[in-house]
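Bear in mind that the values in this text are calculations on the coordinates, not laboratory data. Just so we're clear, the structure is a prediction, and the values are computed from it rather than from any experiment. For neighbour counting, all protein chains shown are included, and Cβ atoms are generated from backbone atoms with ideal geometry for every residue, glycine included.
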Amino acid sequence: MPGITCQVMPGLTPQRLTLKFHLGFPSGSIADLKMPDNAALAELCEALGFDTLWHSNERFYREMFVRMTSSAMVTSRIGIGGAIAEPFAIHPALTAQLLATVDELAGGRQTAALGRGFARSVSSDQRSPRRPGSDPGG
């Protein structure tokens, strides 16, 4: 991939920079996209030259790892990203198993962001997520 040559300050050696373009869609923005069309979207993103296609993980929409798998099976170059894998919603060992499965299909192109996430379904009196199995009163 061609890089961009720039000089940061007078007297410094020019550096080559490589720009990478990532694309992601919030789950709500592609809610009408049927699963068979997810593969076509991934193929289009790869054909347009994007470096990574990010798959969002929001409750009550299509499952992130399934969409990542669908994308991995029809592409060969583009990165397959997942955002956000929540350790409070899915046990970290299960998340690792899911990522390993996607990785096997993607040939090392997968990546995922881990974090607390955000649930719009959480009531306003719940201030922070609790670990599975923790005391709901504490």
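Taking neighbour counts of Cβ atoms within 10 Å as a proxy for exposure, in what order, fewest first, do LEU99, LEU17 appear?
Working: LEU99 19, LEU17 10.
Placing the least packed residue first, the sequence is LEU17, LEU99.
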(message) Restricting everything to alpha-carbon atoms, can you work out Rg to Rh for segment 10-65 with a Kirkwood hydrodynamic radius?
(response) 1.22
(request) Identify the trypsin sites (Lys or Arg not before Pro) of segment 19-122 meeting these criteria: DSSP loop state and at most 16 other C-beta atoms within 10 Å of the C-beta. (result) LYS20, LYS34, ARG59, ARG77, ARG116, ARG120
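Report Rg/Rh for segment 45-110, rounded to two decimals, where Rg is the Cα radius of gyration and Rh the Kirkwood radius.
0.97
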(request) Please sort by residue number the chymotrypsin sites (Phe, Trp or Tyr not before Pro) in segment 17-74 whose DSSP state is loop and whose Cβ has at most 12 other Cβ atoms within 10 Å. (result) PHE21, PHE60
(request) Quick one: order SER76, SER71 by neighbouring beta-carbon count within 10 Å, fewest to most. (result) SER76, SER71
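Rank the residues THR101, THR18, THR95 as a footprinting-exposure proxy: fewest other Cβ atoms within 10 Å of their Cβ go first.
In increasing order of surrounding Cβ atoms, one gets THR18, THR101, THR95.
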(request) Give, in nm to one decimal, the length gained when the segment between LEU48 and LEU105 is fully stretched (0.36 nm per residue of separation minus the Cα-Cα distance). (result) 18.4 nm
